[in-house]
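The values are calculated or read from the model by the stated rules, or taken from the named source; none is laboratory data. Because the structure is a prediction, the values reported are computed rather than measured. Positions of Cβ are backbone-derived with ideal geometry, glycine not excepted, and every protein chain shown enters the neighbour counts. Heavy atoms of the whole protein, side chains included, go into the accessibility calculation; ligands, DNA and RNA do not. Shrake-Rupley method; radii C 1.70, N 1.55, O 1.52, S 1.80 Å.
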Amino acid sequence: MIRLATPADAHAMAEIYRPIVADTAISFELEPPGTAEMERRRASASAFAPWLVLDDGGVLGYAYASRHRERAAYQWCVDVTIYVGGHHRRHGIGRTLYTALFELLRLQGFYAAHAGITLPNAGSVGLHESLGFRLVGVYPAVGYKLGAWHDVGWWQLQLRERTVAPRPLRTVAEIQATEEWTAALHGR
């Protein structure tokens, strides 16, 4: 079941994220956030865009969108993030979460989603490109972690055709009351 994340999910999300921070360069964080910090992040991001979990008797993965940048002209674009628990990768969870998230972002009125991926990461690149993302640039040797410098590639997914004058964005609360919200969460 895909649903909005709640405060009760913070511990499970922190546990999914912990080994990614501690053992890889996928995340440029150096210290894994705890449950309280993960809940703070969820609450902050959820005020802007959906933060979803896939729950099958426990949280198997999560996906969310955040502001691309703070300047007003960027307001119709988001950065997206997805993490799936180690034993649940390559079972379609990432694709399922992202598909629902992108539909909800379209309902809100967003035009583009961006994903930053530490390179190399064939799994993440493959997932994003299979969903329609295209590479728009690479920051060479932009982060130092685990004894090495790492590049970060940036991918973009167009969520809708650009218009001359975009409409104001809708809030998560506004779209939750629609049939389209339910359809997006249930893959219809």
Within region 1-44, the count of residues that are in a helix (DSSP H, G or I), under 30 Å from G147 (Cβ atoms) and of a type in the set (S, T, N, Q) comes to 1
| request: May I ask you to verify whether R69 is closer than 23 Å to I26 by Cα, out of contact with any helix residue (DSSP H, G or I) (no Cβ under 9 Å at 6 or more places or on another chain), open to solvent by 30 Å² or more (accessible area, probe 1.4 Å) and in a loop (DSSP other than H, G, I, E, B)? | output: yes
Q: Kindly check whether there is at least one residue in region 32-46 that is polar (S, T, N, Q), modelled with pLDDT of 95 or more, open to solvent by 30 Å² or more (accessible area, probe 1.4 Å) and over 24 Å from L127 (Cα atoms).
A: yes
Quick count over region 142-159, residues being small (G, A, S) and open to solvent by 50 Å² or more (accessible area, probe 1.4 Å), is 1
The residue that is most open to solvent (accessible area, probe 1.4 Å), considering only those in region 86-134 that are out of contact with any Gly (no Cβ under 6 Å at 6 or more places or on another chain), without any contact (Cβ under 8 Å) to a residue 60 or more places away in the chain and assigned to a strand (DSSP E or B), is R134
